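The values are calculated or read from the model by the stated rules, or taken from the named source; none is laboratory data. Note that the structure is predicted; figures quoted are calculated from it, not measured. Quick reminder, even Gly has a Cβ in these numbers, built from the backbone with ideal geometry, and neighbours come from all protein chains shown. Side chains included, ligands, DNA and RNA excluded: accessible areas come from the protein's heavy atoms. Shrake-Rupley method; radii C 1.70, N 1.55, O 1.52, S 1.80 Å.
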Amino acid sequence: MASTMTQGRKKITLQIAGMTCASCVAHNEEALKELPGVEKVVVNLATGKASVEYDPGRVTLADMRKAVSDIGYEVVLDTARFKITGMTCASCVANNEKAIGELLGVGKVTVNLATETAQVEYAPDITSLAEIRKAVKEIGYGVEDVVGGQEGLDKEREARQKDIRFQLINLIISGTLGTLVMIGMLQPYWFFPNFVPAWLNNKVVLFFLTTPIVFGPGRQFFVKSWGGLKHGVTDMNLLYATGIGAAYFIAVINTFFPDAGFGGKEVTFYEAAALLTAFIILGRYLEAVTRGRTSEAIRRLMKLQPKRARVVRDGQETEIPAEEVQIDDILTVRPGEAIPVDGIVTEGYSSVDQSMITGESIPVEKKAGDEVIGATMNKTGAFKFRATRVGKDTALSQIIRLVEEAQTTKAPIQKIADKVAGRFILGVHALALMAFLFWFFIGFNLWFTPQSHLILTPYQLTAIGAFGFAFIISVTVLVISCPCAVGLATPSAIMAGSGKGAEYGILFKGADAIEATSKLQVVIFDKTGTLTKGEPSVTDVIAKSGDEKEVLRLAAVAEKNSEHPLGEAIVRGARQRGLEPEDADSFNAIPGHGVEAQLKGRNILLGNRKLMAERKVPLDNLLQEAERLEQAGKTAMFVAADGKAAGIVAVADTLKETSALAVEELHRMGLEVAMITGDNRRTAEAIASQVGIDRVLAEVLPENKAEEVKKLQQEGKTVAMVGDGINDAPALAQADVGIAIGSGTDIAKETGQVILMKDDLLDVVAGMQVARATIRKVKENLFWAFGYNTLAIPLGFGLLYPFFQQVVSPELAALLMATSSLSVTLNTLRMRGYVPPVRRRAPPGAALHAAPAASTAST
Amino acid sequence: MKNINVTSAIIYTGISLLAAGLFLLATSAGTYTIVERVGGAAWVFFLSTIILMPIIIPLVKRKLGG
């Protein structure tokens, strides 16, 4: 991609992916030409490039990209992720997004306050990464590289601790001196004259106590706000700087020029400047302490990574750092040790606790050929395994990456909140100006009385004039209206929610996935392999007269050499019941009918009605039994020995243990549940009735599943599709939320916005509960944040003054503002103890009750 | 870039000065002290500048193609 300037217009070259023919060229040219501001477009199929001449004032790269993607192609952009330091509020987010987004070659930018990261999609030939970083620095923020893994975590912790330490020192200075200033100001009142020396109330002493606060701990607000302001951006720091600066300015004037008309020596407000700074810093400090805690889930995951591995090389067992393990290395694991990387067991037997990765509480047995997951805990036995995935490819690394990425993204609800907060600062300053003008020209003359008080302070505003009074209210409005809580409301909850999901083996691919999951109305389950186990098994054995075991044994003998799935199910069923079928003397498959076998002179038949009719075997009452079984969706096979009917063996795909409970829980949550299958309607309905499915989408070919999802969406419903992330990929992609179940360890390959690590349908329920809880938390936080502003602004504006003659002081405004930020962060931290209700009732991985079902065909 | 900054500064300072001037004019109708008038005008100028800077700078940037 490249860009050149031609007389006010610009020329850009876009790399377009997905073009295959001349009509693609025409489509892209047409789509781009339709954009207002695009003057000329030439698309080249051979190079896959589009040359566009346009007016940058009327059309942006993002518009072009959208136009191309709307018709099914893609403008290829690079993605960069870096850390932005110095952000404190939602307006910082908006400022950075604006500064980066305004660059010519930037297609999309997402800045996250909680993770302090920016994700930028850009055309490197038009705008380099260095230019993007420069744009951020120019508006007063810092840029650092994102470091992943443990190193990144250490760096992040180090930075946070540095910030905590910095704010703590500031808090100690401003708190100590501020308290002295407060005591000094109160010296003439109440009981203070008894133990506070009079000199502490001297305004010059107060000046010397307050000045180090304003220019020490308070300096950060002036420096940061000026950095932004000179580039045309405003943030919370500006509100603080204006508030602190104005209070300090008045105090200094009234100290050294008491007759200047600003209220005189009795209205110095040193405590306002001092305590305002102290309370803002208190808020910053508490925020720095609590913000780190919302990313605990990632930290816990990172800690799981084993440090050492025991590898067998040249017949020798050597201990090496886990990151040095290579693919195909043979590793040994002893009881009680963590498994260092992903692999396949080659030797030995053990049970492994996988709860830390899959959320499954019961240890899983592992034998040769089974897959083991790195970072899980070996319990009982020792075994050897071959490494299949190491370093950044292990399941744990993929999970960490996915959770990190999810935390960088922005939910639609957050985009609105950020937009509002971004405009808020300007609005607040405009409001402060309005408040000043109103109280200066109108309010003061109408309502001011010399008995006026500042709320929660002992002194009266007797000597204050119109300017001083209007000025206090104006400064209070600036401080009290600060929307700092708004910036944290959503990202902190999203971080907590995505981390909570990961704890239960539920991975959300982005904040939008969490929000979409919380709004679902219909859940469609794929049948085979999702609702059912995906392999047939023996469900019923009926003997005409006599022993059921003998019926099953005969059937198993006949099918012992069969490769048919139903035959394999019968042999497996017999073995599970302790019967080892003997080898038949002869075996004959009769296509479309069944099988015939000879055993020690006995003739065994196993098959359908046709086979029995052809061999003239009377079935009598077995026919009724067979019909009953078939109505329940099972495949009934008749067994005959030496020309006489012996009984029936019924085989069906069985429901997973948790299917019925999951459907019941989804109903309890008010969701409609549907099942999609290639089975015939009778069979499908038989299964659906056993689990309580509301809607059956039967006889759907695999390639038409996405179409069925679309039909439901056209009814205006928000639809989730639960299925195999690979086979059901098109349907998962079509759904509003695709939920890939039982993904195992190769998470990156999965389609779908939600990935369930283990094969348990209750995780679908748990995922929805986590998503709903997260979005509920977001809404609560936004309510607290905006609710605070809604109540505080009129209060700060002096709405109550005409009735009570009391005004909110700037320092009280600062305390209220800090409390609002803290309430949001603490509310989010409540998520830490959250357990999805379905998991409170049923521990992860626990088999709750068996719910056998049946099927004759597979989807 | 320098051109943008200067142009923007002229515009927002000009409008803010105008706002402060209007404030002074309005105070002439009342019985305000000189300090109240000047102090008030300074505060109006200051807040107006803060309000206008983030509006004017991007506008000028867009106009001058920065």
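Here's the picture: charge each Lys and Arg Cβ at +1 and each Asp and Glu Cβ at -1 in the protein assembly as shown, and of A:Gly592, A:Gly767, A:Val364 the one pushed furthest to the positive end of that dipole is A:Gly767.
Which is the longest stretch in chain A that no exposed loop site breaks, taking sites as chymotrypsin sites (Phe, Trp or Tyr not before Pro) with a DSSP loop state and at most 15 other Cβ atoms within 10 Å?
In chain A, the maximal stretch lacking such sites is A:460-859.
The modelled label-to-label distance between A:Arg776 and B:Leu59, using points 7 Å beyond Cα along the C-beta direction, is 4.7 nm. Relative to one another, the C-alpha centroids of the stretch A:761-782 and the stretch A:186-244 are positioned 43 Å apart.
Rounded to the nearest 100 Å², what's the accessible area chains A and B bury against each other, both chains counted, probe 1.4 Å?
2200
Dividing the summed helix terms, -39500 (n - 2.57) for each DSSP H run of n ≥ 4, by the number of residues in chain A produces a 222 nm estimate of -14500 deg cm²/dmol to the nearest 500. Residues whose amide H comes within less than 5 Å of that of A:Ser452, counting only those at least five positions distant or on another chain, are A:Leu461 (H built at 1.01 Å from N in the peptide plane).
May I ask you to give the percent of accessible area on chain A that is carbon plus sulfur, with a probe radius of 1.4 Å?
Using a 1.4 Å probe with all protein chains present, chain A comes out at 55 percent carbon and sulfur.
About its Cα centre, the dipole of the protein assembly as shown is roughly 2640 debye, where the only charges are +1 on Lys and Arg Cβ and -1 on Asp and Glu Cβ. With 0.36 nm allotted per residue and the present C-alpha distance subtracted, the A:His453-A:Glu707 stretch has 84.5 nm of extension available. Summarised in one figure, the compactness ratio Rg/Rh of the stretch B:2-64, Cα atoms and Kirkwood Rh, is 1.13. Can you pull out the GluC sites (Glu not before Pro) in the stretch A:539-627 that DSSP calls coil and that have at most 10 other Cβ atoms within 10 Å? Taking the stretch A:539-627 and a limit of 10 other Cβ atoms within 10 Å, the loop GluC sites (Glu not before Pro) found are A:Glu563. Distance from the Cα centroid of the stretch A:565-622 to that of the stretch A:35-67 is 70 Å (rounded to whole angstrom).
Counting 0.36 nm for each residue step from A:Gln598 to A:Ser545 and taking away their Cα separation leaves a gain of 16.9 nm. Phi-derived couplings, Karplus 6.51 cos²θ - 1.76 cosθ + 1.60 at θ = phi - 60°, listed residue by residue for the stretch A:579-591: 9, 9, x, 7, 6, 6, 6, 8, 8, 9, 7, 10, x Hz, with x used for Gly and Pro.
Computed over every Cα-Cα pair of chain A and binned at 20 Å starting from 0, the pair-distance distribution P(r) comes out as 13, 33, 31, 16, 6, 2, 0 percent. Of the trypsin sites (Lys or Arg not before Pro) found in the stretch A:548-653, the ones in coil according to DSSP and having at most 12 other Cβ atoms within 10 Å of their Cβ are A:Lys600, A:Lys616. Averaged over the residues of peptide B:52-64, the number of Cβ atoms from other protein chains lying within 10 Å of each residue's Cβ is 4. Each of A:Thr88, A:Val109, A:Leu129 was scored by the projection of its Cα onto the charge dipole of the stretch A:80-141, and the greatest displacement toward the positive side belongs to A:Thr88; charges sit on the C-beta of Lys, Arg, Asp and Glu. Simple spin-label estimate for A:Glu365 and A:Ala17 gives 4.5 nm between the two label positions (7 Å along the Cα-to-Cβ direction from each Cα). Rounded to the nearest 10 square angstrom, A:His453 shows an accessible area of 50 square angstrom against a 1.4 Å probe.
Taking the longest Cα principal axis of chain A as reference, the axis of helix A:484-503 is set at about 20 degrees.
Within the straight-line cut-off of under 18 Å between alpha carbons, the lysines reachable from A:Lys40 are A:Lys10, A:Lys11, A:Lys49, A:Lys66, sequence neighbours fewer than 8 places apart in one chain being disregarded. Between the residues A:Val541, A:Gly578, B:Ala29, the greatest Cα displacement towards the positive end of the dipole of the protein assembly as shown, with unit charges on the Cβ of Lys, Arg, Asp and Glu, is found for B:Ala29.
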